[in-house]
Structure formats: C-alpha cells, structure tokens
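Please read the structure below before turning to the comments.
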Amino acid sequence: MKKLIFLTFLAAVLACTNDSDDSSRTIQDQINDNVQISTWRITKYIDSGDDETNHYTGFNFDFGASNILTASNGTNTYTGTWSITDSNSNDDSSNDLDFNIFFAAPSDFEELSDDWDIITQSSQKIELMDVSGGNGGTDFLTFEKN
C-alpha cells in the first residue's frame with residue numbers, strides 16, 4: 001500500500017512539474033523549437049506586390065542550431081543566419097517578435113534578409129510581413145513545414 005501511495009504522489013509531482021514547465025515557455029521558445037524540428041519550404045514570397053515565390057521553388061530551409069540557416073535544393077546550398085528577437089521600436093506592428101533572416105548572397109536569397117514581423121505561426125506554417133523602409137512596399141513571406 002505504501003508503494004502505491006508513493007507512486008501516486010510521485011506521478012502527481014511529475015505532472016505538476018511538467019505543467020509548470022509548459023506554462024513558463026514563451027511563444028519565442030515555442031517558435032524556436034518548432035522551426036528546428038523539420039525542414040521548411042517557401043510557399044509565398046510577395047515583394048512589394050510582385051509574386052517571386054518561384055525563386056525559391058525546390059529549396060528546403062533548415063533552421064538549425066546555433067542560428068544557422070541553410071537553404072538547399074540538392075544542387076545548390078546557401079548558408080545564412082536566423083533568430084527570433086523582441087521587435088524593435090521602428091516596427092509598426094503590434095506583434096512583439098521579429099523573425100530575423102540574413103543571407104549575404106546570392107541576390108535572390110539576400111532578398112529574404114530582414115527583420116520580419118510574425119503575422120501568424122503554427123506547427124505547420126509561419127506567415128511573415130515586412131514594411132520596407134526604402135520604398136514603403138509591403139513584403140510577405142510564408143514558410144510551410146515539409
């Protein structure tokens with residue numbers, strides 16, 4: 001009987017510990033973990049009204065550890081960086097987080113380099129938006145999990 005009571009107590013303690021761990025996780029932590037689980041593909045890239053999604057067809061994006069971002073289509077591989085940070089004061093979005101992407105080259109991938117506002121995010125899709133400081137155009141970028 002003592003073993004049964006102890007095991008019941010231990011299960012209750014573990015359940016409470018797991019619950020408190022989940023509630024203390026921030027949305028930033030959840031997004032960080034989510035993007036690193038699988039590879040992603042771009043399903044929409046609108047640059048100031050122009051649909052340029054086809055520039056990324058066939059590329060898989062790996063948001064790896066140490067903020068290393070890799071885009072590969074089996075023939076070409078490009079490496080950049082990624083991070084999720086608190087939004088800076090210049091953003092007009094009510095969202096508190098930026099999804100930062102940086103590629104130095106080539107130019108198609110350099111176009112993705114920005115501090116994107118997160119519109120929506122789920123375990124399967126992340127929709128991003130950026131209002132350009134230069135021409136005032138709005139860009140949209142959507143990643144979907146493979």
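Descriptive notes on the structure:
- Taking 0.36 nm per residue of separation and subtracting the current Cα-Cα distance, fully stretching the chain between Asp33 and Val131 would add 32.6 nm.
- Figure legend: label point modelled 7 angstrom from the Cα of Ser87 along Cα→Cβ; residues of the range 111-134 with amide N under 12 Å from it are 116-120, 129-131.
- Backbone amide hydrogens, once placed in the peptide plane, bring Ile84 within less than 5 Å of Asn100, excluding anything fewer than 5 places away on its chain.
- Extended-chain gain in nm, criterion 0.36 nm per residue less alpha-carbon gap, Ser122 and Lys145: 7.3 nm
- Residue by residue, the range 31-36 carries 3J(HN,Hα) couplings of 5, 3, 5, 4, 5, 8 Hz when phi is fed to the Karplus relation 6.51 cos²θ - 1.76 cosθ + 1.60 (θ = phi - 60°); x denotes Gly or Pro.
- A cut-off of 5 Å between modelled amide H atoms, ignoring neighbours fewer than 5 places along the same chain, links Lys44 with Thr142.
- From largest to smallest, the equivalent ellipsoid semi-axes obtained for the range 26-145 from the alpha-carbon gyration tensor read 20, 18, 13 Å.
No value in this document is a laboratory result; all are computed from the given coordinates. All values reported here derive from a predicted model rather than from experimental measurement. Backbone-built Cβ (ideal geometry, glycine too); neighbour counts: all protein chains shown.
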